[in-house]
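Visitor: Take this structure, written in structure tokens, and hold onto it; I'll ask about it next.
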């Protein structure tokens, strides 16, 4: 993509993001930000909208998240993110997503960005005529209807704005953006009934937004419907409590990692507390905790304990390639080579791209096959390691070794 290290920078904490963006935009026209949906148990999703409000179209946000529920992806999407990368993902797909976010692949999306800039500059007539031209190309386009609604609303033509936003909803029923536009409009013109109706429609599509649940509860309270209000307030508290639980588990795990070399026994105690805190609520985003626990147990020589940890995680998150691979490595440590390779094959079947993540992964698998004297499989995985990194010397050495043994 023509990027170099000078064009990249890292923010080590969520609180640094705004400052970093300002520094970059002093000398550049645009920032593309890659950010995990959660860091150390804290959700970053609500920060997206506030960052977009400050930096507008000069900031493009690509949110990275593990495979998660449809509801959570909807929650991310409604917070002004430009693109979502769901892990695991191939390198080619990453490049395509980045390229499209930086520079849309067709003139339609490019023109939409230009129109947004015109609206921000209050050049409404020019923007409106250009929207009409786009509608000739794509009649009924949801994004065009939203833009026409925005212009009408800024000109205080609220009936027109309502019409255009509703047309946008018809064209894209699961898109939260026009629904949010309608809710904002009804709030502005003081129509609590319609405001609540559209909040409820959004809540049905994306039920993990605790702030919206509080707003819905507030409207029910104002209307005297205390039971309904209480339900939404309790739902909001449950969501926040779950987020707080995530932060607690992450903090316990961080302590455990820090203590790994200093006090291994105490380290494992903290890690156990972390996993117990998560309990059955463990998700793909929490796999790093499972893997840290497995590493600690294996370093201690407790490969059976590591296997048990991975099995417990697989009971909640089945068919997870990384867990099968790590369990295979634990079995290999215990000289249970047949069980190890069975787990490796499950890992590759579940996550075919696993072998491309690091040359060490196919190399380690190949070394277990070497212990079993299955040289054909050793060759297969050493070649896979070299495909990942052609300069990986350990794989070259092993290929030479099995070549000479055959000769």
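The values are calculated or read from the model by the stated rules, or taken from the named source; none is laboratory data. Source: prediction; values computed, not measured. Here the Cβ is made from the backbone with ideal geometry for all residues, glycine too, and neighbour counts use every protein chain on show.
Visitor: With respect to residue 207, is the statement that it is under 24 Å from the mean Cα position of the chain (by Cα) and in a loop (DSSP other than H, G, I, E, B) true?
Guide: Numbers: under 24 Å from the mean Cα position of the chain (by Cα): yes; in a loop (DSSP other than H, G, I, E, B): yes.
Against the criterion (under 24 Å from the mean Cα position of the chain (by Cα) and in a loop (DSSP other than H, G, I, E, B)), residue 207 qualifies.
Visitor: While we're on this one: Do we have any residue at all in the range 343-351 that's at positive phi and either in contact (Cβ under 8 Å) with a residue 12 or more places away in the chain or not in a loop (DSSP other than H, G, I, E, B) (or both)? Explain how you work it out, then say what you get.
Guide: Step one: of the range 343-351, the residues at positive phi are none.
The answer is no, given that none of the residues of the range 343-351 is at positive phi and either in contact (Cβ under 8 Å) with a residue 12 or more places away in the chain or not in a loop (DSSP other than H, G, I, E, B) (or both).
Visitor: Which one of these is closer than 29 Å to residue 285 by Cβ and outside the structural domain of residue 49 (by TED's automatic domain parsing): 233, 195, 186? Let's see the steps before the verdict.
Guide: On the way: 195 fails: closer than 29 Å to residue 285 by Cβ; 186 fails: closer than 29 Å to residue 285 by Cβ.
On inspection, the qualifying residue turns out to be 233.
Visitor: Tell me yes or no: at least one residue of the range 275-282 is within 26 Å of residue 46 (Cα to Cα), crowded, with 18+ Cβ neighbours inside 10 Å and modelled with pLDDT of 95 or more.
Guide: The answer is no; no qualifying residue exists.
Visitor: Take residues that are within 18 Å of residue 350 (Cβ to Cβ) and out of contact with any strand residue (DSSP E or B) (no Cβ under 6 Å at 6 or more places or on another chain) and tell me which of the helices (runs of 4 or more DSSP H) falling wholly in the range 230-329 contain 2 or more.
Guide: Correct list: 287-299, 303-316.
Visitor: Kindly check whether there is at least one residue in the range 160-167 that is farther than 16 Å from residue 198 by Cβ and at pLDDT 95 or above.
Guide: At the first step, the residues of the range 160-167 found to be farther than 16 Å from residue 198 by Cβ are 160.
Right, trim to at pLDDT 95 or above and you get 160.
Yes.
Visitor: Here is a follow-up. Test residue 202 against the stated conditions and say whether it is assigned to a helix (DSSP H, G or I), touching a residue at least 40 places away in the same chain (Cβ under 8 Å) and touching a helix residue (DSSP H, G or I) at 6+ places or on another chain (Cβ under 6 Å).
Guide: So residue 202 passes the test.
Visitor: Further, regarding this structure: Could you please let me know if residue 338 is assigned by TED's automatic domain parsing to the domain that holds residue 381, in a helix (DSSP H, G or I) and surrounded by 18 or more Cβ atoms within 10 Å (Cβ to Cβ)? Lay out the reasoning, then the answer.
Guide: On the way: assigned by TED's automatic domain parsing to the domain that holds residue 381: yes; in a helix (DSSP H, G or I): yes; surrounded by 18 or more Cβ atoms within 10 Å (Cβ to Cβ): no.
For residue 338, the condition - assigned by TED's automatic domain parsing to the domain that holds residue 381, in a helix (DSSP H, G or I) and surrounded by 18 or more Cβ atoms within 10 Å (Cβ to Cβ) - is not met.
Visitor: Taking only the range 167-176 into account, find how many residues are buried (at least 17 other Cβ atoms within 10 Å of the Cβ) and assigned to a helix (DSSP H, G or I).
Guide: Residues meeting the conditions: 5.
Visitor: Mind checking whether some residue in the range 175-189 is over 24 Å from residue 46 (Cβ atoms) and modelled with pLDDT of 95 or more? Step through it out loud before you land on a result.
Guide: So the first thing to find is which residues in the range 175-189 are over 24 Å from residue 46 (Cβ atoms), and the list is 189.
Still in the running and modelled with pLDDT of 95 or more: 189.
Yes, some residue in the range 175-189 is over 24 Å from residue 46 (Cβ atoms) and modelled with pLDDT of 95 or more.
Visitor: Give me a count of the residues in the range 217-253 that are closer than 17 Å to residue 299 by Cα and either out of contact with any helix residue (DSSP H, G or I) (no Cβ under 8 Å at 6 or more places or on another chain) or touching a residue at least 60 places away in the same chain (Cβ under 8 Å) (or both).
Guide: First, pick out the residues of the range 217-253 that are closer than 17 Å to residue 299 by Cα: 253.
Going one step further and asking which of them are either out of contact with any helix residue (DSSP H, G or I) (no Cβ under 8 Å at 6 or more places or on another chain) or touching a residue at least 60 places away in the same chain (Cβ under 8 Å) (or both), we end up with none.
Here the count works out to 0.
Visitor: Which condition breaks for residue 358 when tested against (1) in a helix (DSSP H, G or I); (2) modelled with pLDDT under 95?
Guide: Condition (1) is where residue 358 drops out.
Visitor: Can you find a residue that is surrounded by 12 or more Cβ atoms within 10 Å (Cβ to Cβ), at pLDDT below 80 and touching a helix residue (DSSP H, G or I) at 6+ places or on another chain (Cβ under 6 Å) anywhere in the range 23-31?
Guide: no
Visitor: Would you be able to tell me the number of residues in the range 177-193 that are in contact (Cβ under 8 Å) with a residue 12 or more places away in the chain, over 32 Å from the mean Cα position of the chain (by Cα) and assigned to a helix (DSSP H, G or I)? Break it down into steps so the answer makes sense when it comes.
Guide: Going through the range 177-193, the residues in contact (Cβ under 8 Å) with a residue 12 or more places away in the chain turn out to be 177-183, 185-186, 188-189, 192.
After this cut, where a residue has to be over 32 Å from the mean Cα position of the chain (by Cα) as well, the list is 188-189, 192.
Filter once more, so that each one left must be assigned to a helix (DSSP H, G or I): 188, 192.
Total meeting the criteria: 2.
Visitor: Residue 139 fails exactly one of the following numbered conditions: (1) in the same structural domain as residue 201 (by TED's automatic domain parsing); (2) part of a helix (DSSP H, G or I); (3) over 29 Å from residue 199 (Cβ atoms). What is the number of that condition?
Guide: Among (1) in the same structural domain as residue 201 (by TED's automatic domain parsing); (2) part of a helix (DSSP H, G or I); (3) over 29 Å from residue 199 (Cβ atoms), residue 139 violates only (2).
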